[in-house]
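Below is one structure, written out as C-alpha cells; comments come after it.
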Amino acid sequence: MADTRTEPRAVTAIVVPLLVGFAALAALEFAAVALVFGDVAWRPLAAGGVALLTLIAAVSWLFIRCLVRPLDRLALDLAIVARENPSYALAIGTRHWLGRLVESIEAMRTRLVSAELRGAQALSEAQQRATEQKRWLEAILLDLTEGIIVCNLQHQVLLYNQAAAEILGGTQSFGLGRTIFPSLTREPVLHALERQIQRLETGWAGQGTRFMCGAAEAQRLVGMRLGVVRDAAGRPNGYVLSFTEVGEEDAALATRDDLLDSATEGLRAPIANLRAAAETLSQNPNLTAAEQSAFHEVVLSESIALSQRLDTLARGYRELGGGRWMMAEIYSSDLIGSLKRRLIGSPVQVTATGLPCWLYGDSLSLLVLLDFLLRQLHVAVRVEAFDMALHRSDKRIYLDVIWNGLPIAAGELESWLDRPLTGGLGPLTGRIVLRRHGSDAWSQAAGPDTARLRIPLASAQAEPARERPLRPARPEFYDFDLLRRPAPAGRFADYSLKELTYVAFDLETTGLMPTGGDEVVSIAAVRIVNGRILTTETFERLVNPGRSISEASVRFHGITNAMVRDKPPFALVLPAFHRFAADAVLVAHNAAFDTSFLYRAADESISFDQPIVDTLLLSAYLYPDEADHSLDAIAARFGLDVVDRHSALSDSLLTAAVLLRLLDQCERRGIVRLDQLLASTDMMGQLRARQLGFERHAAGSSS
Amino acid sequence: MGASILVADDEPNIVLSLEFLLRQAGFRVRTVSNGEAALAAIAEEPPDLVLLDVMIPGRDGYAVCQEIRANPDWHNVRVVMLTARGGEIQREKGLSLGADDYVTKPFSTRELVERVRRILGAARN
C-alpha cells in the first residue's frame, strides 16, 4: 500500500521544485542586472523583475493548489477506490481546475459501486441456488436405495451416495478420488464400459449397459447399469454406475428357478406315473387282484407325493418376492470380438463367420462360458482353430462353435457344464448360465469331418437399430465397358468359385450421379474366404467427399456433413481399400455404380485389375423370371436377414451372403469357374442394357 | 413274435405301468434303471426300441442315446426319449443327438403305445 501513496506525490515532487527553481532563476537574473549596473535607470527594470517574480510565484501557487494537489488527491482517492473501497467518497472539494474530469470519475465510481453490488447479489443468489440444489441432490442421493457412483475414465470415484457406500461394504477401501476396484469386480465393469463406448461409436445410444457384477470384494452380487458421460465434444470422459444389491433377489431367483423346476419337471414324473397307473386300471378291467392292488398302490403313493409337492410349491411361492435377471441385447460381433480378446495368449483361435445378429442375454456370463468351453474343447479335440457362426431359425438363434473333427461326447460336455466358471461371476456353473438363458448345449456332427457345439439363444426382442428410411431405388447403371475392362486373370481362373477369395464392398455417396459430380462418403467391405464370410475381417471408412451431402442422401444413409468433416478424402482411403481387396475378386451389388467411383479415383499406382462379380447381374441371370433384383428383394427370396441395418457394413455383409447363395446356384447349374460365370453375367448384362436403351428411347419419344 | 423293447427308467411306478401296457400290446419288454445297465442290456441283445428316460442315474439319457447312435451294430435300434424336462430346446437336443422321438411326461399311455407301434412300423418299412 505504501507505494500507492508515494507514486502520485512524485507529480508534486517534480512540478514544485521545477516552478520554484524557475522563479529563483528569474529573481537571480533581475538581482544580477541591478547589482552590475547599479544604475538608477535600471531600477524600474529590477522592480519589474520583482513584480514578475511575485507573479510567477502567485501563478505557481495557484497551479499547485488547483491542479497539482487536486491531481495528487485524485490519484490517492482513485487508488483507494480501485483497490480498497469503491464506496470511498472522493475528497477533492470544489477548488480545482480538473473540471468534468472529477464528475466523470465520480460517475464511473458510482457505476462501479452498483455493478459490484449487483455482482455480489447475483453471486449470493447463485450460491444460494447452488446450495439448495446441492441439498436437493444430497436428499435425492440419500433417499435412493440404488447405489450411484460417478467415475472418470481412470476409474476414480468423483461422486457416490450413501447406498453405494453401504452396498460396497463401507468406506474403508472406497471413497472420493479412490479407484472403484476392487470394491467392484474389475472385469464386468471394464467389459460393460468397453461395450457401451463401442455402442456410442457405432452411433447407437442405448439406455446403458446392464450387467451383474461382484461387489465388496466379491462378497456380494449387484445388478448394475452403466452409462457413459461425454464431454462437450462428445468424447467419453467418465461413466455413471447405478446399482442395487441382488444378493437377496438372486437367492429368490434361484429359489424361483427351483420352484419352477418342481412345478414343471418335478411334477411331470409323478403325474406320468399316476396317469399311467390310472389308465392301466381303467383300460384293463380284467386285471388279477394282485395286479389291481399293485396299481392301486401306485395311485395312492403318487397322489400323496403330488399333494406334498404342491404344498411345497405353494409355500415357496408365497415366500418369494419378485426379481428377474438383467438381460440385454448383445451384438454377436461384440461378443465374439470380446471372446477373441480374452483368448489372446491362449492357443485357441476363433474366426467369426456368417452374418452377425442381435442376441438377448447376459454378455459377460456368456463370454465366460464360451471362453471356458473353447479351452475345454481345445484340450478334448486337439484343435486350435474354431469357427463361430450364428444361425437364425424362426424362434431362436443358434450360436455354433465349429471345428474339424468329431463331436464331443454328451457325457463329457455335461460334466464340463457342472464345473464352476471363473471370471468375476461368483460360483456359477455353465449349466446355471445356460439355464439363466433358458438354453442348453450339445455337440453333433456338422458335416463330413466337422463337428459343432450348439447353444440356442433368444434373439433380441426388439431390434435396437437406428431408424433408417427405406432404401430408395438406386438407378441401375449399366456400363458394361467397366465390367469388361478387368479381364479375368489367370490367377483367378485356376480356382473353383468356392475356393476364390472375394471382397464384397459397398459405397455410400453424396448422390446417385457418379458422372455428375457425386462423391463417396463411406466405403465398407468384408472378405469371403473358402465360402466363409469373415465378419471380423472387414473394412469400413468414412470419407470426406469435398462437397456437401444432399439432404436426401443424409436421410438415406445417415451420414451427415459433420460426420465426414474431419475424415480423409477418398484418394487417401483408396490405397488402404486397395490393399484390403488385393488378390480378391471384387463383389458388389449393381457393381457398375460402385466401380465407376472406384475406377474414377484410381490412378497409375492403384489399379483394380481383378475381376468383378455383380450380384445383381448374377441374380438376373440365374432367376430370369423374377422382376425385382434389388439387394433387399434377393435377400428376402433367400430368407437372409441382416438385423444390424444401421451399420455401414450391412450392405456389404448382405451382398456377401447373397453371393454365397448365388454361387451355390451356379454350381448346381454347372458353372464352377469364374470365367464361366463372368461370361454369363456379361451376356445378360448386354441384354439388359439393350432393354434399358429401348426404355430410354421409348421414354424419349413419348415425351 | 412281437418286437423287443427296453424300458430304461429309474421310477419303478412308471416302469410297472409301461411294462404291463407294452406286454399287453404284444411287445417283449425288458427293464433297466440306469444308463450303464441300459447299454449292457443293448449289448447283450439289441432291442428294436429303447424307451429312454433322460434323467436316469449314471450316464444320462443323452449320453446313452449318443452311444447307441455311435455304434454301427445298433443302427436299427430306435430310441424314444422320455423326459420330465419339457422345453423345446431339450426336445431339439434329444433329436439332434439321434433320438427318433421325444415324449414329455406326463403322457397318454395309449398314445405312447401308438407312437411306439408307428416308429417300429416305419422302421420295418
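Heavy-atom accessible surface of A:D449, to the nearest 10 Å², is about 120 Å², with a 1.4 Å probe and all protein chains retained. Of A:S242, A:S550, the order by accessible heavy-atom surface (1.4 Å probe, DNA, RNA and ligands excluded), from most exposed downward, is A:S550, A:S242.
What number comes out for the charge environment of A:T110, summing +1 per Lys or Arg and -1 per Asp or Glu over other residues with Cβ under 12 Å away?
Values: positive: A:R109, A:R111; negative: A:E103, A:E106, A:E116.
Residues close to A:T110 contribute a combined charge of -1.
A cut-off of 5 Å between modelled amide H atoms, ignoring neighbours fewer than 5 places along the same chain, links A:R230 with A:N237.
In summary, the lysines within cross-link reach of B:K105, defined as a Cα separation below 26 angstrom excluding same-chain residues under 8 places away, comprise A:K395, B:K93. Once the C-beta distance of A:R565 and A:M513 is scaled by a Förster radius of 22 Å, the resulting FRET efficiency is 0.45 to the nearest 0.05.
Computing the accessible area with a 1.4 Å probe over protein heavy atoms, can you report the carbon and sulfur percentage for chain B? List each step's numbers first, then the result.
On the way: 2480 of 5340 Å².
On chain B, the fraction of accessible area on carbon and sulfur atoms equals 46 percent.
Sum up the charges of everything whose Cβ sits under 12 Å from the Cβ of A:L406, counting Lys and Arg as +1 and Asp and Glu as -1, but leave A:L406 out. Write down the numbers at each step before the final one.
On the way: positive: A:R382, A:R452; negative: A:E412, A:D449.
That sum, taken over residues with Cβ under 12 Å, equals 0.
Summarising the amide proton neighbourhood of A:D362: residues at separation of 5 or more, or on other chains, whose placed amide H is nearer than 5 Å comprise A:A328.
Taking each residue in B:76-83, count the Cβ atoms of any other chain within 10 Å of its Cβ, then average. What number comes out?
Working: counts 0, 0, 0, 0, 0, 0, 3, 4.
Mean number of neighbouring Cβ atoms from other chains: 1.
Largest accessible area first, the residues A:H391, A:H578 order themselves as A:H391, A:H578 under a 1.4 Å probe with ligands, DNA and RNA left out. If only the Cβ of Lys and Arg carry +1 and only the Cβ of Asp and Glu carry -1, the dipole of chain B around its Cα centre is close to 400 debye.
Restricting attention to region A:371-443, which trypsin sites (Lys or Arg not before Pro) occupy a DSSP loop and are surrounded by at most 15 other Cβ atoms within 10 Å?
Values: sites: A:R375, A:R382, A:R392, A:K395, A:R396, A:R431, A:R435, A:R436; in loops: A:R382, A:K395, A:R396.
Passing both the DSSP loop test and the Cβ count: A:R382, A:K395.
Using a probe of 1.4 Å on the protein chains alone, the accessible area found for A:R129 is around 130 Å². Charged neighbours of A:L98, selected by a Cβ distance under 15 Å, balance to +2 (K, R count +1; D, E count -1).
At 37 °C and 0.692 mPa s, grab the translational diffusion coefficient of region A:79-140 from Stokes-Einstein with a Kirkwood Rh over Cα pairs, rounded to a whole number in µm² per second. D = 228 µm²/s.
Summed over both chains, the area buried between A and B is near 2900 Å², taken from the accessible surface of protein heavy atoms with a 1.4 Å probe.
Of A:L45, A:L300, A:L355, the order by accessible heavy-atom surface (1.4 Å probe, DNA, RNA and ligands excluded), from most exposed downward, is A:L300, A:L45, A:L355.
The values are calculated or read from the model by the stated rules, or taken from the named source; none is laboratory data. Just so it is clear, the model here is predicted, and its values are computed rather than measured. Heads up, the Cβs are rebuilt from the backbone with ideal geometry, glycines too, and the neighbour counts pull from every protein chain shown. Heavy atoms of the whole protein, side chains included, go into the accessibility calculation; ligands, DNA and RNA do not. Shrake-Rupley method; radii C 1.70, N 1.55, O 1.52, S 1.80 Å.
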